[in-house]
Amino acid sequence: MHTAYQFNDVDSRIVYVKAVDVADLPAEVQAGADGRTQLYAVHDAAGEQLALVSDRKMAFVLARQHDYAPVPVH
């Protein structure tokens, strides 16, 4: 995660939430998906995956709890 928050660097606080098909994930992640067909990934502006969670609402809550502004990606 980022170290110091700078108010003039708003773009660094934006994250992107997108649905990910479990079938496209590595086998060890698929094994822990508990029968789900989709998970939700949270990515920073550079494309680095910060989190992978079980539902969309949780992805947004997680981002906000860490002072990020989540944006949906379709």
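No lab work stands behind these numbers, since they all come straight from the coordinates. Remember, predicted model here, so these are calculated numbers, not experimental data. Reconstructed Cβ throughout: ideal geometry from the backbone, glycine too, with neighbour counts over all protein chains shown.
Given a Förster radius of 25 Å and the C-beta distance between Asp34 and Ser12 as r, what FRET efficiency does 1/(1 + (r/R0)^6) yield to the nearest 0.05?
Calculated value: 0.15.
Taking the 0 to 90 degree range and rounding to the nearest ten, how far is the long axis of helix 56-65 tilted relative to the main principal axis of the chain, both from C-alpha atoms?
Roughly 30 degrees between the two axes.
Gln38's amide H: which non-local residues (gap 5+, or another chain) put their own amide H closer than 5 Å, with H modeled 1.01 Å from N in plane and none for Pro or chain starts?
Placed amide hydrogens put Val22 under 5 Å from Gln38.
What are the ³J(HN,Hα) couplings of the stretch 14-22, residue after residue, when phi is run through the Karplus curve with 6.51, -1.76, 1.60 and θ = phi - 60°? Round to Hz, x for glycine and proline.
9, 10, 10, 10, 9, 6, 10, 6, 4
For n ≥ 4 DSSP H runs only, could you compute -39500 (n - 2.57) per run for the chain, divide by its residues and tell me the 222 nm figure to the nearest 500?
-5500 deg cm²/dmol
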